[in-house]
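Only one structure is covered here, and it is reproduced in the block below.
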Amino acid sequence: MPAYNQTVMDHFMNPRNVGEIPNPDGVGEEGNPVCGDMMTFHIKVKDDRLEDVKFKTFGCGAAIAVSSMVSEMAKGKTLDEALKITPESVAGKLEGLPKNKFHCSNLGAQALHKAIEDYRSKQKAGGK
Amino acid sequence: MRKVYLDNASAAPVLPAVKEAMLPYLGEVFGNPSSLHDWGDAAREAVDAAREKVAGLIGCTSPEEIIFTSCGTESNNLAVKGIALAQQSKGKHVVVSAIEHFSVLHAARTLEKFGFEVTEVPVDKHGAIDPDLVRRAIRKDTVLVSVMHANGEIGTIEPVREIAQITRELKIPFHTDAVAAAGTIPVDVNDLGVDALSLAANQFYGPKGVGALWVRRGVRLMPLLDGGIQEGGRRGGTENVAGIVGLGRAAEIVKAEMASRVNQLTPLRDRLLKGLTEKVEHVVVTGHPQNRLPGHASFCVEFIEGEAMLMLLNSRGIAVSSGSACTSRALKASHVLLAIGLSHEIAQGSLLFTLGLDTGAEDIDYVLEAMPPVVDRLRQMSPLYAKFVKSGKGGR
């Protein structure tokens, strides 16, 4: 088995918040299948907070665990708080990722940030 | 939980009879084969007997043409570098296939650092090499052709005999990496017409850490390991006597059992190839559908990634391999899967099942039951699958 710790294995075997949100307020996609990992995040926003977060991930065990952890960390946070989630803080919450997997699999935070940016740009466009 | 080990190409248990044969050479028969006394004689006799058995497995009538090595990788390095470097006064060009094992491909790249040029012959979608492309790749300064007998990742058996006809006609040494083939399918160096052939004990229930390179008399070879006069001066170093004895015994056993092993494994392989493509949608068989190694079934499962499949299968007691980028330490997709024309995306879903002598039909059926839920679960998580489903609906 790959050198994954118990927390990573738990999030891989029992991923939280898998799926898509119908009529999401924002969608973010990061990575591409060529480098092996790709993930999409859907968010529902209420009163500037992430009311719901769902993800889908194509990739290895680490990529799935990362996405699951990001969704868990983000849920209920304000948008500004959620933008402070970083690959490092995700890896920290997962109690470590294998070194060689850190960069390629750890795209969840960026995908979430893109979903938030998507939401904000829609808000701007709608407000005009 | 049921345990089903289908990763026999990576590692397989040493047969009890092989282990029995080896044990005395880890204990009371400890002499150095080069020593000139009874202790040394006992070890040398054992090494010579093993040499005859290995020669017997590959139809070689001159056992002294067998060089014992530490593994298939060493055999391939010795063949590629050793033959090319010994002939560099004649020319500095070698021809290999695009799907060679890294121990051939990377050895050829090392030759480039010594001024050699390397031509990689492409393969078709089944991983088969067109002998005519090998002919066209050969130049006046070609000093070596190296094409594998069978590919360990996709199982395809290559037209080695046809390629040898070309190299013989043009008088160019032809090495074949038979690590995946020798001890798995009948291999006869004279029938094939090759000039050098690599094999490894761990591919046919012998120990890890021992292999052999057969080099036809008259083919010049520069040693990689300079040292004493062991192995006719072609490979220095005190012999791994116990390992060599194990290789010999394993060769002797598989020679006797070859037909029954092939007959046992082939229908199980076909049950898996057929069953999985029927039970799971969007699965591609990699390698040649029929002309492939008997116990070898390989696939790419679309929209999902190999390591995640391996982990879920392992949680159900099933051991397999993958050539996906995420499962390789270098995080690169298998060069073999890309060479047969698969996209990076499809190559990510690579799965490799290698059956063994203890594999039964019920093991295959267990895998066929376990696979659909594993695939479904990962596809439900996959944005690529979601896109595919949506695009399918959009098209209606």
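The values are calculated or read from the model by the stated rules, or taken from the named source; none is laboratory data. Small disclaimer: the values here were computed from a predicted structure and weren't measured. Glycine also receives a Cβ, built like all others from the backbone with ideal geometry; neighbour counts cover every protein chain displayed. Remember, those area values only see protein heavy atoms, side chains included, never the ligands or the DNA or RNA. Shrake-Rupley method; radii C 1.70, N 1.55, O 1.52, S 1.80 Å.
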Angle between chain B longest axis and helix B:102-113 axis [Cα atoms, degrees, rounded to 10]: 70
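Over chain B, with the other protein chains present, what is the accessible area per residue in square angstrom, probe 1.4 angstrom? Don't jump to the answer; show the numbers that get you there.
Numbers: 16220 Å² over 396 residues.
Result: 41 Å² of accessible area for each residue.
Find the eigenvalues of the gyration tensor of the Cα atoms of chain B, then list the square roots of 5 times those eigenvalues as equivalent ellipsoid semi-axes, largest first, in whole angstrom.
Numbers: eigenvalues 287, 143, 57 Å².
Equivalent-ellipsoid dimensions as semi-axes: 38, 27, 17 Å.
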Nearest-ten-degree value, helix A:108-127 long axis tilted from longest Cα axis of chain A: 10
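Just to confirm, what accessible area per residue do you get for chain A at 1.4 Å probe, in whole Å²?
Numbers: 5780 Å² over 128 residues.
Result: 45 Å² per residue.
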Helical mean residue ellipticity (222 nm; -39500 (n - 2.57) per DSSP H run of 4+; nearest 500) of chain B: -13500 deg cm²/dmol
Unpaired by the 4.7 Å Cβ criterion, cysteines found in the protein assembly as shown: A:CYS35, A:CYS104, B:CYS60, B:CYS71, B:CYS300
Selected from A:ASN100, A:ASN32, A:ASN23 as most flexible by GNM, with chain A as the system and alpha-carbon contacts under 10 Å: A:ASN100
Residue-span extension gain [B:ALA259 to B:ASP365] - 0.36 nm each, minus C-alpha spacing: 35.8 nm
Cross-link pairs beyond the 19 Å C-alpha cut-off, checked among A:LYS75/B:LYS390; A:LYS54/B:LYS387; A:LYS54/A:LYS77: A:LYS75/B:LYS390
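Just need the relative contact order of segment B:273-396 here, percent rounded to a whole number, with Cα pairs under 8 Å and 6+ apart.
Details: 160 pairs, mean separation 36.5, N = 124.
That works out to 29 percent.
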Chain A, relative contact order in percent, only Cα pairs under 8 angstrom and at least six apart counted: 31
Length-normalised contact order for chain B - Cα pairs under 8 Å, 6+ apart - percent: 21
27 Å Cα-Cα threshold exceeded, pairs from B:LYS208/B:LYS255; B:LYS171/B:LYS255; B:LYS3/B:LYS255: B:LYS171/B:LYS255; B:LYS3/B:LYS255
Fraction of accessible area attributable to carbon and sulfur, the protein assembly as shown (%, probe 1.4 Å): 52
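Per Stokes-Einstein, at 20 °C and 1.002 mPa s, what whole-number D in µm² s⁻¹ belongs to the protein assembly as shown, with the Kirkwood radius over Cα pairs as the hydrodynamic radius? Don't jump to the answer; show the numbers that get you there.
Values: Rh = 25.2 Å.
Roughly 85 µm²/s, to the nearest whole number.
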Selected from B:SER322, B:VAL241, B:VAL18, residue furthest toward positive end of dipole (chain B; charges at beta carbon): B:SER322
Inter-label distance, nm, simple model (7 Å from Cα along the C-beta direction), B:GLU112/A:ARG16: 4.8
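Considering just Cα atoms, how many Å³ per residue does the convex hull of segment B:136-192 enclose?
Values: hull volume 4.9 nm³, N = 57.
Roughly 86 Å³ of hull volume per residue.
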CD proxy at 222 nm, helix term only [per DSSP H run n ≥ 4: -39500 (n - 2.57); per residue of chain A; nearest 500]: -13000 deg cm²/dmol
A:LYS84 paired with B:TRP39, simple spin-label distance in nm, labels 7 Å along Cα-to-beta-carbon: 7.2
